């Protein structure tokens, strides 16, 4: 049989699915990741079986596995089922193979590229020392060795890696590939072994925020900047929205009569539409911008078919004197702190303003309302606070001598 793929050209093939013959294909992702798969029909339905990532499996090895699989098909045996049964019987499933298959299966449900990228980095980079180890033989000391080099250096990324590893081993237990405790579990396990995660000597969150007391002065400073980016940041702050939501704000989603902005479920982490009450300052801006609009986006980019860059607001902050130490996302924390410290609004309503559905999973399942009427009051109060004018200073001596 004449094969179509050239081993010397594997690393230079463009994204797509490239056939080699004998039901063997090389799948190249947009990210550059490459993996071999076998495509075949079983009982009238298309099937796929992963044969390994190209970085760990040579083309010759993939061809040999394809030949073996096709022989099983000729005998009326499903090769994927046969392989899985053999692995279960031998208990020889390698972490690298299992983690990659699980990642490819789960990433179909991830909406955001960043989430997919984090999982890919966990499996391909951070967990690489575990690839050749059997899933059922990996212990807590192996996980500790993976996490220690990054635990204090990049604590946020390290936390994500640990959570991903815990999910992988939970899946392995569910499939009966291992038993006993989860080696990546935190409480009573890694919690007792890893040092306290620190950054520059202080425990910090990833999104640095402006103290809420300084927000009115910041908003006055922002108002002096005559740019679309500045207006976008103002709107982002007054609506408590995320960067991805505000840059994709469309005129078709804004109800000017009701003073509402409906963010579609496709843009939301909670997978359902979110209605944002628009305060008077936001409506004043939208009213003036509506007359000069072009394209579908409220904040268009250089071309009307694309929104403004997601880096616009962050770059704006970097250019403002003394403001390069805060992030756009941090203004959501600024709002939450203000609400907790200065108002009597319920925590549930405040969380809804941030597009968080409060409560445990059972409570979320039964919560149908969105507390819109209460959120109208909260957003109006937030706008009043954020845009309040500076206090007038009276010189007592001048008053007394008048």
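Each value in this text was obtained by applying a stated rule to the coordinates, not by laboratory testing. Keep in mind the model is a prediction, meaning the values are calculated, not measured. In this analysis, Cβ positions are derived from the backbone assuming ideal geometry, glycine residues included, and neighbour counts consider all displayed protein chains.
Round to a whole angstrom and tell me the spacing of the C-alpha centers of the stretch 213-247 and the stretch 278-314.
Taking the Cα centre of each part, the stretch 213-247 and the stretch 278-314 sit 12 Å apart.
How fast does the stretch 7-90 diffuse by Stokes-Einstein, in µm²/s, taking the Kirkwood radius from C-alpha pairs at 10 °C and 1.306 mPa s?
Answer from the Stokes-Einstein relation: 118 µm²/s.
Kindly give the semi-axes, whole Å and largest first, of the ellipsoid equivalent to the stretch 273-361, taking each as the square root of 5 times a Cα gyration tensor eigenvalue. Please report the intermediate quantities before stating the final value.
On the way: eigenvalues 155, 76, 40 Å².
Value: 28, 20, 14 Å, ordered largest first.
Pop a pseudo-label 7 angstrom from the Cα along the beta-carbon direction at both residue 31 and residue 47 and give the gap in nm to one decimal.
2.8
For an R0 of 60 angstrom, estimate the FRET efficiency from the Cβ-Cβ distance between residue 343 and residue 132 and round to the nearest 0.05. Kindly include the intermediate steps, with their values, before the conclusion.
On the way: r = 56 Å, r/R0 = 0.93.
With R0 = 60 Å, the Cβ-Cβ based efficiency is 0.60.
Need the full-extension length gain, residue 288 to residue 223, defined as separation in residues times 0.36 nm minus the C-alpha distance. One decimal, nm.
21.9 nm
Hey, what does the equivalent ellipsoid look like for the stretch 3-54, semi-axes from the Cα gyration tensor as sqrt of 5 times each eigenvalue, largest first, whole Å?
Values: eigenvalues 87, 30, 14 Å².
Equivalent ellipsoid semi-axes, largest first: 21, 12, 8 Å.
If every alpha-carbon in the chain counts as one equal scatterer, what log10 I(q)/I(0) does Debye give at q = 0.10, 0.13, 0.14 1/Å?
So the normalised log intensities are -0.90, -1.19, -1.25.
Which order do 3, 218 fall in if you start with the one that has the fewest other Cβ atoms within 10 Å? Don't jump to the answer; show the numbers that get you there.
Details: 3 14, 218 21.
The fewest-first ordering by Cβ neighbours comes to 3, 218.
Mind pulling the angle between the C-alpha long axis of helix 155-174 and the longest principal axis of the chain? Nearest 10 degrees, somewhere in 0 to 90.
Rounded to the nearest ten degrees, it is 40.
Using Cα atoms only, what is the angle between the long axis of helix 280-291 and the major principal axis of the chain, expressed in degrees (0 to 90) to the nearest 10?
80
Per 0.36 nm of contour for each residue apart, how much would the distance between residue 82 and residue 296 grow if the chain were fully extended, relative to their Cα-Cα spacing?
Stretched fully, the residue 82-residue 296 segment lengthens by 71.8 nm.
Relative contact order of the stretch 93-170, please, whole-number percent, based on alpha carbon pairs below 8 angstrom and at least 6 residues apart.
Averaging sequence separation for qualifying contacts and normalising by length gives 38 percent for the stretch 93-170.
Between residue 372 and residue 154, what's the calculated FRET efficiency when r is the beta-carbon distance and R0 is 45 Å? Round to 0.05.
0.70
How large is the helix-only mean residue ellipticity at 222 nm for the chain, computed as the sum of -39500 (n - 2.57) over DSSP H runs with n ≥ 4, divided by its residue count, in deg cm²/dmol to the nearest 500?
-13000 deg cm²/dmol
Could you compute how fast the stretch 99-192 diffuses translationally, taking Rh as the Kirkwood radius over C-alpha pairs and applying Stokes-Einstein at 37 °C with viscosity 0.692 mPa s? Give it in µm² per second.
Values: Rh = 13.6 Å.
Using the Kirkwood radius from Cα pairs, D works out to 242 µm²/s.
At a threshold of 8 angstrom on Cα-Cα distance, excluding pairs fewer than six apart, so keeping six or more, what relative contact order does the chain reach in percent?
10
State, to one decimal in nm, how far the label point of residue 71 lies from the label point of residue 6, with both points 7 Å from Cα in the Cβ direction.
Here the answer is 3.1 nm between the modelled labels.
Sticking with the crude label model, points 7 Å out along Cα→Cβ, report the distance from residue 320 to residue 117 in nm, one decimal please.
2.5
Cα axis of helix 140-151 to longest principal axis of the chain: angle in degrees, 0 to 90, nearest 10?
Value to nearest ten degrees: 40.
Which whole-number percent is the relative contact order of the stretch 212-386 (Cα, under 8 Å, 6+ apart)? Numbers along the way, then the final one.
Details: 193 pairs, mean separation 44.8, N = 175.
Reported as a whole number, the value is 26 percent.
Please report, in cubic angstrom per residue, the volume enclosed by the convex hull of the alpha-carbon atoms of the stretch 197-349.
Cα-based convex hull of the stretch 197-349, divided per residue, equals 151 Å³.
Arrange 370, 288, 279, 241 by Cβ neighbour counts within 10 Å, fewest through most, would you?
In increasing order of surrounding Cβ atoms, one gets 288, 370, 279, 241.
For the stretch 1-158, what mean projected area does the convex hull of the alpha carbons give, in nm²?
11.2
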